[in-house]
Amino acid sequence: MMWKSFTCVLAAFVYATLISAATAQTVQPNWSEDGSRFWFRSTDSDSAKTFYIVDTSIRSRVPAFDNEQVATALSQALGEDVSAASLPIENIEFTDSKEYLLLRSRGKWWRLNLNSYEVAKVERLEAERSANRLFLPMHRRGVGSESTNIFIENRLNKPLALYWIPTTGSERHYGTIKPGETREQHTYVDHVWLLKSDDATSLACFEARADDHLVIDSDAIRDVRRESSRRGDRRQRDGRRPDSSNESPNKMWTALVRDHNLWIRDGDEEKQLSTDGSEKDSYGSPDSGSPDVRWSPNSNYVVAFRSTVVPERVVHYIDSSPSDQLQPKLESYPYRKPGDELPTQTVHLFSLPDMKEISVSQELLDNPWSIRFRGWSDSGDRFYLHYNARGHRTIRILEVTVGDGSIRTVIEETSGTFIHYSDEGKSVFEDLSGDEILWASERSGWNHLYRYSRSTGEVLNPVTSGQWNVKRIEKIDRDAEQIWFYAVGVHLAQDPYHEHFCRVNFDGSDFKTLTDGDGTHSISFEQDGQYFVDTYSRVDMAPVTELRDCSTGELVCELTRENTAESFKGRRLTERFVAKGRDGTTDIWGIIHWPREFDPCKKYPVVENIYAGPHDYHVPKSFRTRYDHQHRIADAGMIVVQIDGMGTAWRSKAFHDVCYKNLRDAGFPDRIAWMKAAAEKYPQLDLTRVGVYGGSAGGQNAMAALLWHNDFYKVAVADCGCHDNRMDKIWWNEQWMGWPVDSSYVENSNMENAHLLKGDLMLLVGELDHNVDPASTTQVVRQLIKHNKDFEFVLVAGAGHGSAETPWASQKRL
């Protein structure tokens, strides 16, 4: 249920942070075989490329060579003019002697003498190096930031089909590379590409590097197949299997569904296991009809889930201008809303080979939002379930003993408000060594990790503690009994939303914050975890990239430091500002976007770009050179602000709980206090003219400003708002507004309270919105008309969620 709907909130994230942003250039270390050195490429603000060599033994970073002299040498070798600012170097390899480097240029390898700057051609190295870069099976990576052109040389006797693999995992065809042909392809560093044969067989994948040149020959493809096969054999030896498989581990039985009941096929014979299945309560998956089963490691037991079949609500909308015909179309999509009946799973256990059901007590599984299978014990005599009660106020890890079907609670988490179950950083359940479980909880008022005994259900120790939050786990080293993770709020002198990288032992000892620069950090491990590359920045500081020691966090050397002023291209930097919130003690953080032609002698109207969705914080923290709609509005003669008020995530639990059954609050008392404090420091902010705009949850917030805070806010533009939480997606709204649906939904509804409107309101909605039911907006329109309120309504034909970001609607909003 949760994961099916998770894409809905992604669109809200995109709307809240829709910007054209320059991120830090990727530092991609290319290591020597002995692991003591690496080279990387850096591009300055003038797009000039510089190559550096880092020597970890002496903690140094130096230019790899003199660009001018290499340009001269390559000009002679290649018979063309080569620019020192854009050397056509695709790859570098180290040699045994530090007097030489191997350079890849124009598809050929050259040996460079660093003393004489002479180059000599090297044969056949390219295919050997390319083979080491290819892999299968396919995997996905994040979005690359550095634009580049790569070269793919097909030395096979058959064509290669080229596919780009976006982060969604889909395949996008980019044509065919003929035998003997070299394709130049635009891409981004770290993007993943897939090569297929003409019969659609996957041959190899690779991750793009800057100015890459890959040679695809028969030896390279053979090596990829060999390595892929080896990995598959290793997975089989280790006993790691998918969570769900119809076939038993010993290959003797196969589970299937017939007439909604669970059956087992044993060779040519089929035997019925269950008799209680029906059309309305089936052992078959609603999507595929196949069984949802989990086999014990010894194949002696199988757990099956039976699900009630519940009609799913359907949202209807009109596509007024379809691309394939003149007449409008009535369209629809499935969409559960708060309070809707849910399909209910029950857990059933069967003993093999006597083909009998062992009754499993359902007493701790009442009214589930979800029941997730969490694995078998090594002995196969018990299994574990992750239960989330509807309303998201109780979560349990349960143990079922297969001998008698008895069930007990291993871990139980409860909250008087809500458990933020949908964020992976707050839903940690990991097996550690032996009998131990790693669990995340906000029971202390902050999100921390705890180590549990599976057998006793006791807390062995808190792994982390303090007035800060564990944000997400990067790596668990079970051999060393260490956890590597990101934390927020761990440096008291910094913005509490800055992400820092930390490490701690399973027993809670030797906690270390491994990053310290004043900014928000991201890391990548290098050399089997000996080092990590740390990149950090702030909205008012361009990225800094460092190499650090994994064991101590100690700085090895700085790799790059980008120029902040040059990156912002002459305009006044977006500025951080912090002020006290409604209680006079809690720091509220936000940012200010200034007009490009800012005149300190003038007063400017203030416009807040709002998004108060409780699932996260939303004010940008890392450096960006451009903010799309924020800068466009600011440059039209306004000051634009973004603020994270109470009710949003990743401060204390008390800070977050403000949103519970109270989404109309949206942190407004904190936002208003923040703007008043900002105006005291910057009198150019004219608080007699304050506007607000946002989309999705931000659209709900923007209109709410003119309902409950119209003495401060005068103008609002609300796009695709979830104006009534009964109309929006079930999982998001029940998490914050609770279940069952009660009077709080009415009290928080913009539609029900439309009569309170004061000020100038524009409502926008795309007629094709699949994220928030468009009727959420049109029902508000009807209520405003009923109460004789003056407002503007803009229906954007042919647009979906976030219609205000289409060029025409964005201009109208402005």
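The values are calculated or read from the model by the stated rules, or taken from the named source; none is laboratory data. Please read all numbers here as calculations on a predicted model, not as lab measurements. Methodologically, a virtual Cβ is constructed for each residue, glycine included, from the backbone with ideal geometry; neighbour enumeration extends over all protein chains shown. These area figures cover heavy atoms from the full protein model, side chains too; ligands, DNA and RNA do not enter into them. Shrake-Rupley method; radii C 1.70, N 1.55, O 1.52, S 1.80 Å.
Residues in the range 395-418 that are open to solvent by 20 Å² or more (accessible area, probe 1.4 Å) and either at pLDDT below 95 or part of a loop (DSSP other than H, G, I, E, B) (or both): GLY403, ASP404, SER406, SER415, GLY416, THR417.
Note on the range 153-179: residues that are touching a residue at least 60 places away in the same chain (Cβ under 8 Å) and either open to solvent by less than 40 Å² (accessible area, probe 1.4 Å) or outside any loop (DSSP other than H, G, I, E, B) (or both) total 3. Scanning the range 584-599 for residues that are without any contact (Cβ under 8 Å) to a residue 24 or more places away in the chain and either touching a Pro at 6+ places or on another chain (Cβ under 9 Å) or small (Gly, Ala, Ser) (or both) gives a single hit, GLY584. I'd like to check something: does the range 665-676 contain any residue that is closer than 14 Å to GLU608 by Cβ, among the aromatic types (Phe, Trp, Tyr) and in contact with a helix residue (DSSP H, G or I) (Cβ under 8 Å, 6 or more places away or on another chain)? The answer is yes; a qualifying residue exists.
Looking at HIS392 and the list (1) open to solvent by less than 10 Å² (accessible area, probe 1.4 Å); (2) part of a strand (DSSP E or B); (3) of a type outside the set (Lys, Arg); (4) farther than 30 Å from GLY766 by Cα, which single condition is not satisfied? Unmet condition: (2).
Out of ASP292, ASP287, ASP319, one residue alone is of a type in the set (Asp, Glu) and at pLDDT 95 or above. It is ASP319.
Any residue in the range 362-381 that's without any contact (Cβ under 8 Å) to a residue 40 or more places away in the chain: show its pairings with residues that are small (Gly, Ala, Ser) at Cβ separation under 7 Å, as long as the two are six or more apart or on different chains. Hits for this filter: ASN367/ALA389; PRO368/ALA389; ASP381/GLY403. Across the range 25-42, the qualifying residues are those that are part of a loop (DSSP other than H, G, I, E, B) and surrounded by 13 or more Cβ atoms within 10 Å (Cβ to Cβ), and the one among them that is modelled with the lowest pLDDT is GLN25. Return the residue satisfying two criteria in turn: it lies in the range 360-380 and is in contact with a strand residue (DSSP E or B) (Cβ under 8 Å, 6 or more places away or on another chain) and among the hydroxyl-bearing types (Ser, Thr, Tyr), and of such residues it is surrounded by the fewest Cβ atoms within 10 Å (Cβ to Cβ). For the range 360-380, the residue satisfying everything is SER361. For the range 101-113, a residue qualifies if it is open to solvent by 30 Å² or more (accessible area, probe 1.4 Å) and closer than 18 Å to ARG41 by Cα, and exactly one does: ARG106.
Restricting attention to the range 514-533, the residues being acidic (Asp, Glu) and more than 24 Å from ARG478 (Cβ to Cβ) number 2. Within the range 451-460, the set of residues being open to solvent by less than 20 Å² (accessible area, probe 1.4 Å) and closer than 17 Å to SER509 by Cα comprises TYR452 only.
Tally the residues that are part of a loop (DSSP other than H, G, I, E, B) and open to solvent by 60 Å² or more (accessible area, probe 1.4 Å), restricting the search to the range 319-348.
Summing the residues that are part of a loop (DSSP other than H, G, I, E, B) and open to solvent by 60 Å² or more (accessible area, probe 1.4 Å) in the range 319-348 gives 8.
Residue count for the range 420-434 under the criterion of being part of a loop (DSSP other than H, G, I, E, B) and within 19 Å of TRP468 (Cβ to Cβ): the result is 4.
Annotation: of all residues in the range 43-56 being modelled with pLDDT of 95 or more and of a type outside the set (A, V, I, L, M, F, W, C), the one that is surrounded by the fewest Cβ atoms within 10 Å (Cβ to Cβ) is ASP55.
The numbered conditions (1) touching a strand residue (DSSP E or B) at 6+ places or on another chain (Cβ under 7 Å); (2) at pLDDT 95 or above; (3) farther than 29 Å from GLY645 by Cα are all true for SER509 except (1).
Number of residues in the range 374-408 that are touching a Phe, Trp or Tyr at 6+ places or on another chain (Cβ under 8 Å) and farther than 30 Å from TYR660 by Cβ equals 9.
Of everything listed in (1) aliphatic (A, V, I, L, M); (2) farther than 30 Å from SER379 by Cα; (3) part of a loop (DSSP other than H, G, I, E, B), the single unmet condition for VAL470 is (3). Those strands (runs of 3 or more DSSP E) of the range 241-290 in which at least 3 residues are touching a residue at least 24 places away in the same chain (Cβ under 8 Å) and hydrophobic (A, V, I, L, M, F, W, C), considering only elements entirely within it, cover 253-258.
Looking across ALA493, ALA487, ALA440, ALA480, one residue alone is assigned to a loop (DSSP other than H, G, I, E, B) and open to solvent by less than 60 Å² (accessible area, probe 1.4 Å). It is ALA480.
Within the range 541-553, the only residue that satisfies the criterion of being hydroxyl-bearing (Ser, Thr, Tyr) and not in a loop (DSSP other than H, G, I, E, B) is THR545.
Take LYS758 and decide whether it is over 33 Å from the mean Cα position of the chain (by Cα), of a type in the set (D, E, K, R) and under 16 Å from VAL606 (Cα atoms).
no
Is there a residue being in a loop (DSSP other than H, G, I, E, B), in contact with a strand residue (DSSP E or B) (Cβ under 9 Å, 6 or more places away or on another chain), open to solvent by 40 Å² or more (accessible area, probe 1.4 Å) and touching a residue at least 40 places away in the same chain (Cβ under 8 Å) anywhere in the range 300-310? The answer is yes; a qualifying residue exists. Note on the range 323-375: residues that are closer than 28 Å to SER744 by Cα, under 29 Å from the mean Cα position of the chain (by Cα) and charged (D, E, K, R) total 3. Among residues of the range 455-481 that are touching a residue at least 60 places away in the same chain (Cβ under 8 Å), those with a beta-carbon under 8 Å from a residue that is assigned to a loop (DSSP other than H, G, I, E, B) and among the aromatic types (Phe, Trp, Tyr) at least six positions away or on a different chain give the pairs GLN467/TRP446; ASN469/TRP446; ASN469/TRP650; LYS471/TRP650.
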